[in-house]
Protein chains: 2
Amino acid sequence: MLPRRPLAWPAWLLRGAPGAAGSWGRPVGPLARRGCCSAPGTPEVPLTRERYPVRRLPFSTVSKQDLAAFERIVPGGVVTDPEALQAPNVDWLRTLRGCSKVLLRPRTSEEVSHILRHCHERNLAVNPQGGNTGMVGGSVPVFDEIILSTARMNRVLSFHSVSGILVCQAGCVLEELSRYVEERDFIMPLDLGAKGSCHIGGNVATNAGGLRFLRYGSLHGTVLGLEVVLADGTVLDCLTSLRKDNTGYDLKQLFIGSEGTLGIITTVSILCPPKPRAVNVAFLVTCVPPACGPGSPRPARLPHPALRTPGCPGFAEVLQTFSTCKGMLGEILSAFEFMDAVCMQLVGRHLHLASPVQESPFYVLIETSGSNAGHDAEKLGHFLEHALGSGLVTDGTMATDQRKVKVPCVLLAGDGNLHLNVTAEAFSPSLLAALEPHVYEWTAGQQGSVSAEHGVGFRKRDVLGYSKPPGALQLMQQLKALLDPKGILNPYKTLPSQA
Amino acid sequence: MLPRRPLAWPAWLLRGAPGAAGSWGRPVGPLARRGCCSAPGTPEVPLTRERYPVRRLPFSTVSKQDLAAFERIVPGGVVTDPEALQAPNVDWLRTLRGCSKVLLRPRTSEEVSHILRHCHERNLAVNPQGGNTGMVGGSVPVFDEIILSTARMNRVLSFHSVSGILVCQAGCVLEELSRYVEERDFIMPLDLGAKGSCHIGGNVATNAGGLRFLRYGSLHGTVLGLEVVLADGTVLDCLTSLRKDNTGYDLKQLFIGSEGTLGIITTVSILCPPKPRAVNVAFLVTCVPPACGPGSPRPARLPHPALRTPGCPGFAEVLQTFSTCKGMLGEILSAFEFMDAVCMQLVGRHLHLASPVQESPFYVLIETSGSNAGHDAEKLGHFLEHALGSGLVTDGTMATDQRKVKVPCVLLAGDGNLHLNVTAEAFSPSLLAALEPHVYEWTAGQQGSVSAEHGVGFRKRDVLGYSKPPGALQLMQQLKALLDPKGILNPYKTLPSQA
C-alpha cells in the first residue's frame, strides 16, 4: 500500500485549464475564463485575414436593413458596439482575430431559425459561438461573419431522475449543468478544463472528449438527441430521449463534431451516469529501466521525448501498468494519464510546485470512481501492492478526494490521446512551421489522428489530409454541399480550403 | 439475502433466440440457426411481391454477360443453383420471400468494390446479406436483387491486447468473435440471441443493441472505424482504430444503422471491454400493491398488459427498484430486465418450465458483471437486503454463474426498450392490421420509437412517420440520393416508399 499524503498532492492538479494544455505560451489557470482575453495591457491580436493566406468568399455584408430585420427577430439581442465585439472576435489562444461587426443573441430555436432563414436568403455568413474556448479557431470569425452566440439559450428543459436523461438548450454552461445534475445524484458524461465557460452545444459540435472519456465514452454514444437548425432555417428535430432508436438513419450523428458547419445545434438530449460515491487518485512512478534512469545521459540524436516515448525504454512498463490496471480495477477505472519528466519539470518550474514523488522519466496518474468506497479502496490497494511487488511501479502517492479532484493538464491518456505541449517565449511562426510538418508526418506514419481531441476549426483544416483519405474528404465536401449549399455556416473551417 | 437456488433457475434463460423475442409464432431455440429455415415439410413462404403492395423498380435483370463478369470477379463465388438460393431468399421469420437468382460470395473488399462497380454501371440492384437473422426483412431480396453475402469475409485482421481494439472483416460471426476475444481476456461490446449466425457487419449495419447495451452502450460509441464500399464501388476508408479522432465529420456514423442502403460495410474496427471476472444474476418479484395482486380481478376495459404497464399499479415499484439498483450496484450493473405475468405464463406453458419464484404481475431480472467476485456479491447482497427490507421486492432467487448466463427473451430492459410479443395460432394479416396502428399510435403518443431495436428493413419502412418528423425523412432521402443516386443498394428498405 502507498502512503496517503493528501496534502502533498500537487495543487496544479486542482486547477482548470481549457483543453488539456496551455499550449503556445498562453498562461493557464485563472485567465482561462472568457472575457479576460481582452484584459487591458495585453497586446492586440493580429487580424486573421492579415496573418494567414485566406481570401474572403463572396458573401454579402450586413446592411442597415439586415440589422433592422435582426432587431425584429431578436429584440434587444443585436450587439454592434465595437467594444463589446472585441472579445468574441478573438480566440482563446489569442492568435486569431476576426472583424465581425454584429453579434446576435437569440433565446430560442425559433429565433435561430428566423436568423438563418434571413442570412440564407441574403447570403450572409454566420459564425456560431458557444463559450469560445476552442483551441483551433473554430469559434471566432475569420472575416466579418455574423457571430451567433448561444449564450442566452441556457435553459434546462427537462431531467428524468430514473433514466438520467437531461434535455437542455445548447447555450447551457457545462459546469452549471454539472451542478444541476449532481444535485440530483448524477454527473455529466463529460468534464473538461474549460467547463466554467464552454457551452454544451459547443461541446457536442466539437465532439469534446475530456476527462471522463475513458469511463463514459464518446458523445456519439451519450448524446441521445439533438435539435439542429439547418443553413436555410429549417429546424431538424432529432430530439429523442431514447437510449435505443433504430428508426432510420441516425441523423444527429452528422452534427456531432461537425463544428457548426452543417447546422447549428440548439437543443441537446444527453444521458447522465449516476454520480460515483467514491473517487480515489493515485500518482505513480513507473519502473525505470537502468538505461533510462534520471541520472543517465540523454542520447543526443533522439527527437523530443514526447515524440519518442512509445519506443523509449520505460514506455513498455507504462503500457503494462495500464493493462494490469484495467484488469484489476476494471469497472472503477475512470482515468489513466501519463506524463514524462520534461512535463513534470515544466510544471515545477512555472507553477513553483514540488513533485510529491521521486524523479523519473515517466509518471502515471490513475483515477477510480465507484459506488462503494470500501470496495474501491480495496481494489486500488490490491493493484498498488501488485504493481509495487512486481516492480512495475517504484513510488507513488495517493489522495482520497471527497471534493472530486480534477485531472487537467497531462500528456497521454488511457484513450490513446497525446497532448503535445510546446512552450516558447513568444509565438514564433518559424518555430511552428519547423515543428508542424514533422509532428503531423510522424503521427500519420503511426496511423494516428492529427486532431484526436481539439478538432479542426480554422487552424487544422489544411492538415486533414494527414489523417483522412481523399475519398473521405470528398464525402465531407459533398455533405457540406448538401446541407449548406451556399456555404454560409462557419466558413473557412473544418473542411480543407478548396484548391 | 436471498436463497441461492441455482438449479431452480429456469432453463429458458440459457437458450438463445434471435433478437429478443420469437414473435409471430415462430419457434425459438434450436431452429434459430440459419439454414434450418428451409427444413423439409415446412410450408413454402409466399413471395413478398405477391403478398405486399410493392412494385419492382426499373433495375436491369442479370444477364449471362453479368454472370460471366461476376465469375471473373469472384471465381467460384457465384451461386445460381435454385436449391442453394432458397434459404437466402427467405427471412428468419419466414414471412418474406424474394426471388433472387444470383448470390455472390466475395472474400475481400476489393471484390465487393468490383461487384458494385459492375452493378452500378449495369443498374443492377444489390441486397447485402450477413447472417440473415433480422426481424424486419432487411436482409432478403424483395424481387430479384442480387444477394451479396459477407459469409466468406470472415477473417480477424488484428487484435490489440492492451487497448482491446479488434479489426475484422464484416462477415465474422459474432459468436466466433466473442470466443476469439474471450480467449484474450476481453469480450465483445454486444451480445444477442442470434450470435451464432449473425455477422458483425450486419450488427453494425443494423445498429444492433442486444444484451450488453446497458453497460457498454451503443455501437455508435464502440465502433471505432469502418471500411465501406459505396454504391459506385468506391472504397471509403474510415478504418481508424482510435478512441478519439476529431479530424472532420465522423463519416462512419452514417453507415451504422443504415441497413446497407448507403454502402456495404466490409471491415469493422471495434472496442472490446475487458472480460468481467464475476457474473451474478438475480430474478426478483417486485412489490405487489393490493389492487394489482395475482388473485385480484383484471378490469375489463384495460388494453393488453404490456401496453398499460407504465401506468399500472406496481410499475412505479419496478422503476423504484431500477433507481435503487443503479445507485447501489452502480458500475457493475450490466442488465435490468422486466417481464409481466402474461409473459411468464406463456414461458411456462410453451416451454414447460415452472417459475422459480412466487406468482406476481411483475418480475425483474438483474445481472451484474465485475472484476471482483467478492465485491460484486457483497454489493448485490446489500441491494437485495435493502430491496427486501424496504418492501420493494417480495421474493427472488439468485444464480451465480461461472458459465456466463445469457438473458434472451424478456419484455422491458433497463435501456427503455419494450419487446411486445404477440402470439397466435398462425400468421393473420387481419390480426396484424388490427394491432399495428394501435401500437404505433400509442408509441408515438409516448414519444417512443416504433423500432427501438430491430430496425426498419422492408417491414417498417412505411411506419417511420410515427417516430421521424417529415424534415428528418426528407434528409434521409437526400442522403440516400447523395450516396446511392441510382438506388441500387438494398432497395425497398429503410426509407419510406415514395408516394
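The values are calculated or read from the model by the stated rules, or taken from the named source; none is laboratory data. Being a predicted model, the structure only gives us computed values, none of them experimental. Neighbour counts are summed over all protein chains in view; Cβ atoms, including those assigned to glycine, are modelled from backbone coordinates with ideal geometry.
Tabulated results
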| read-out | value |
| --- | --- |
| Of residues in the range A:401-432 being modelled with pLDDT of 65 or more and among the acidic types (Asp, Glu), the one surrounded by the fewest Cβ atoms within 10 Å (Cβ to Cβ) | A:Glu425 |
| Residue in the range B:460-473 that is touching a strand residue (DSSP E or B) at 6+ places or on another chain (Cβ under 9 Å), touching a residue at least 24 places away in the same chain (Cβ under 8 Å) and not hydrophobic (A, V, I, L, M, F, W, C) present | no |
| Matching entry among B:Ala433, B:Ala426, B:Ala444, B:Ala452 (being assigned to a loop (DSSP other than H, G, I, E, B) and more than 8 Å from chain A (Cβ to nearest Cβ)) | B:Ala426 |
| The lone exception for A:Leu346 - which of (1) over 24 Å from the mean Cα position of the chain (by Cα); (2) part of a helix (DSSP H, G or I); (3) over 20 Å from B:His375 (Cα atoms) it fails | (1) |
| All strands (runs of 3 or more DSSP E) inside the range A:111-162 with 1 or more residues being at pLDDT 95 or above, of a type in the set (Ser, Thr, Tyr) and surrounded by fewer than 24 Cβ atoms within 10 Å (Cβ to Cβ) | A:146-149, A:156-160 |
| Which numbered condition A:Thr309 misses (of (1) surrounded by 20 or more Cβ atoms within 10 Å (Cβ to Cβ); (2) modelled with pLDDT under 80; (3) in contact with a Phe, Trp or Tyr (Cβ under 6 Å, 6 or more places away or on another chain)) | (1) |
| Residue identified as at pLDDT 90 or above and more than 24 Å from A:Ser139 (Cβ to Cβ) among A:Pro469, A:Pro437, A:Pro485, A:Pro491 | A:Pro469 |
| Number of positions in the range B:234-277 that are of a type in the set (Ser, Thr, Tyr) and under 18 Å from A:Thr494 (Cβ atoms) | 3 |
| Subset tally (residues that are farther than 21 Å from A:Thr48 by Cβ and among the aromatic types (Phe, Trp, Tyr)) for the range A:121-169 | 1 |
| Checking A:Ile366 against (1) among the hydrophobic types (A, V, I, L, M, F, W, C); (2) part of a helix (DSSP H, G or I); (3) at pLDDT 90 or above; (4) in contact with a Ser or Thr (Cβ under 9 Å, 6 or more places away or on another chain), the condition it does not meet | (2) |
| Scan of the range B:349-376 for residues that are of a type in the set (A, V, I, L, M), closer than 17 Å to B:Glu331 by Cα and more than 27 Å from the chain's Cα centre (by Cα), ordered by number | B:Ala373 |
| Residues of the range B:345-400 that turn out to be within 25 Å of A:Ala377 (Cβ to Cβ), surrounded by fewer than 20 Cβ atoms within 10 Å (Cβ to Cβ) and not acidic (Asp, Glu), as a count | 7 |
| From A:Pro303, A:Pro297, A:Pro289, A:Pro274, residue being touching a Pro at 6+ places or on another chain (Cβ under 6 Å), modelled with pLDDT under 95 and not hydrophobic (A, V, I, L, M, F, W, C) | A:Pro289 |
| Tally of residues being within 9 Å of chain B (Cβ to nearest Cβ) and part of a loop (DSSP other than H, G, I, E, B) across the range A:455-491 | 6 |
| Members of the range A:316-338 that are under 22 Å from A:Asn372 (Cβ atoms) and assigned to a strand (DSSP E or B) | A:Leu333, A:Ser334, A:Ala335, A:Phe336 |
